[in-house]
Amino acid sequence: MRYLSTRGHADRKQFCEILLEGLAPDGGLYLPESYPQVAGATLARWRQVWQAQGYAALAFEIFSLYIDDIPTQDLRALCQKTYTQAVFGTPEIVPLKAIKTHAAQGTQVFLEALSNGPTLAFKDMAMQLLGNLFEYELARRHAQLNILGATSGDTGSAAEYAMRGKKGIRVFMTSPSGRMSPFQQAQMFSLLDENIHNIALQGVFDDCQDIVKAVSNDLTFKSQYKIGTVNSINWARLLAQVVYYFAGYFQATSNDQQQVSFSVPSGNFGNVCAGHVARMMGLPIAQLIVATNENDVLDEFFRTGVYRVRTTADTHETSSPSMDISKASNFERFVFDLLGRDAARTKFLFQDQLGTSGVFDLSQDPLFAQARQRYGFLSGKSTHANRLQTIQEVFASNHIMIDTHTADGLKVAVPLAQPGVPMLVLETALPIKFAATLVEALGREPERPPKFQGIEALPKRVQELPTTVQAVKDYIAAHCA
Ligand SMILES: *Cc1c(COP(=O)(O)O)cnc(C)c1O
């Protein structure tokens, strides 16, 4: 399998080449040249693999269609090492839980648990694999990598727990001082591994992001200190997420003629884009529902055909903060497919149109209707009040607590669900990560997994630095000696 850029660059690359790269050289995103087709015999075989051997074996089957520059035994071993009960808490890795809702009669609604990994958010599903892939590939190349990132919570902790103790890798993770939830701060700052560096900066998330961009744009510094990233545009992260769409499907159905739908709490469009890839491969997905919070850039597009990125000032701070985005960094991948893989037009929309006006409009283009008709996309938006109400309803009728992002997914899914088609709502975090809103909704603290008892009291390792590019560069240089 070779990979191409959504903006038409002539290069065709292999998996391990793009693994350590971010954007393609022309600013586009990498996608496989084609989607392997698995409907029919392959899907039937994969159902058996899932049933007999479980998640890691299924992951291997899927990855081996996309990765041909890692020897088979090594790829299999990487999957077995990554997706274990010890790391993800259950033998199924992504178990389904049926729940009672107000959905149309005859519609089963399930939560698919993606958040039982080390940091209790779905980003672990991909980041744990990325840690093992990076370590493997860097060792093969006798190379080193210094990962520089900015986080408002989930990404940074998922990256640190995936990279801690890994040979050849250091992590420098900036976060806005005092702005993450106490639980998230404790998760990150209690890591004492030598290769993990927490950097707290005064300001908000975007200030951290700006500093990270400025450091990475200094190409001399970047190559001297081997700076890399782990952001959600990385194709390997997306590929890792494809697996749980298949695993969810096999759990919710008993034969391959059945269809299911997925509802996906969405921000940067990484999670639901993996669902799009699964569907393009032939997984019988009826609907792919994009659920947003008040930051409804994506809902607006799927309703109207207009994609309008927001300014930082127009981006709301919400109680599902991991979906607080001003633009959706993976969205270009879907638009490329929607436009019939027209790279010149994709480039025009994302580089020229968005670059100058911050908007593009496909409402008059006949292709736009295909987003729903051919690709199965639907969308909806959820607000703080919706979130509280959904959390309350699920607790009242099921005696379980769901987190705020999952609540957005469920709220949007219920009215759109089709009778007879199972609806799988992706559970993207555990409620303990967003305890304040759970207390607001239910008047009680969410349950805390035993391994996180008392983490707020653990010793913390975090460096406060002035919010300047130079201070961050100096810190990195001093710790790469
Ligand atoms: C990152 C995140 C999301 C959004 O996922 P995208 O891939 O950015 O669309 C949703 N929920 C939680 C809990 C997250 O951490």
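Side notes on the structure shown:
- For the stretch 203-218, 3J(HN,Hα) computed residue by residue from phi via the Karplus equation (6.51, -1.76, 1.60; θ = phi - 60°) reads x, 10, 3, 4, 5, 4, 4, 4, 5, 4, 4, 5, 5, 5, 7, 7 Hz, glycine and proline entered as x.
- Förster-model FRET efficiency, 45 Å R0, R448 and Y475, C-beta, rounded to 0.05: 0.85
- Using a simple spin-label model with pseudo-atoms 7 Å out from Cα toward Cβ, L192 and Q53 lie 4.0 nm apart.
- Here the stretch 268-315 exposes an accessible surface that is 47 percent carbon and sulfur, computed with a 1.4 Å probe and the other protein chains kept in place.
- Using the Stokes-Einstein relation with a Kirkwood hydrodynamic radius computed over Cα pairs, the translational diffusion coefficient of the stretch 320-424 at 37 °C and a viscosity of 0.692 mPa s comes to 200 µm²/s.
- Residue-span extension gain [D352 to S64] - 0.36 nm each, minus C-alpha spacing: 100.0 nm
- Taking amide H as placed 1.01 Å from N in the peptide plane, S379 has its amide H under 5 Å from the amide H of V290, each at least 5 places away in sequence or on another chain.
- Size of the chain from its Cα atoms: along the principal axes, largest to smallest, the extents are 62, 56, 49 Å.
- In this structure V49 has an accessible area near 10 Å², from a 1.4 Å probe over the protein heavy atoms.
- Backbone HN-Hα couplings from phi across the stretch 13-21 [Karplus 6.51/-1.76/1.60, Hz, Gly and Pro as x]: 10, 8, 3, 5, 5, 7, 3, 9, 9
- Shape class for the stretch 261-369, computed from the alpha carbon gyration tensor (a ≥ b ≥ c): oblate, with a/c not under 1.5 and a/b at or below b/c.
- Annotation for S329 and T72: the two label points, set 7 Å from Cα along the Cα-Cβ direction, are 3.6 nm apart.
- Proximal lysines relative to K167, as straight alpha-carbon distance under 23 Å, when same-chain residues fewer than 8 apart are discounted: K81, K123, K222, K226, K460, K473
- If only the Cβ of Lys and Arg carry +1 and only the Cβ of Asp and Glu carry -1, the dipole of the stretch 161-240 around its Cα centre is close to 340 debye.
- Residue-normalised accessible area of the chain, expressed per residue, 1.4 Å probe, Å²: 38
- For the stretch 13-53: rounded, prolate or oblate by the Cα gyration tensor [a/c cutoff 1.5]: prolate
- Shape class for the stretch 347-481, computed from the alpha carbon gyration tensor (a ≥ b ≥ c): oblate, with a/c not under 1.5 and a/b at or below b/c.
- Rounded to the nearest 0.05, the FRET efficiency derived from the C-beta distance between Q389 and Q364 at R0 = 41 Å is 0.65.
- When the surface is traced with a 1.4 Å probe over the full set of protein chains, L458 keeps roughly 80 Å² accessible.
- Using 0.36 nm per residue and subtracting the Cα-Cα separation, the extra length available between R2 and A44 on full extension is 12.5 nm.
- Environment charge of T90, counting only residues whose C-beta is closer than 15 Å and scoring Lys/Arg +1, Asp/Glu -1: -2
The values are calculated or read from the model by the stated rules, or taken from the named source; none is laboratory data. It should be emphasised that the depicted structure is a prediction, and the values quoted were computed from it without experimental measurement. Cβ atoms come from the backbone with ideal geometry, glycine included; neighbour counts cover every protein chain shown. All accessible areas refer to the heavy atoms of the entire protein, side chains included, with ligands and DNA or RNA removed. Shrake-Rupley method; radii C 1.70, N 1.55, O 1.52, S 1.80 Å.
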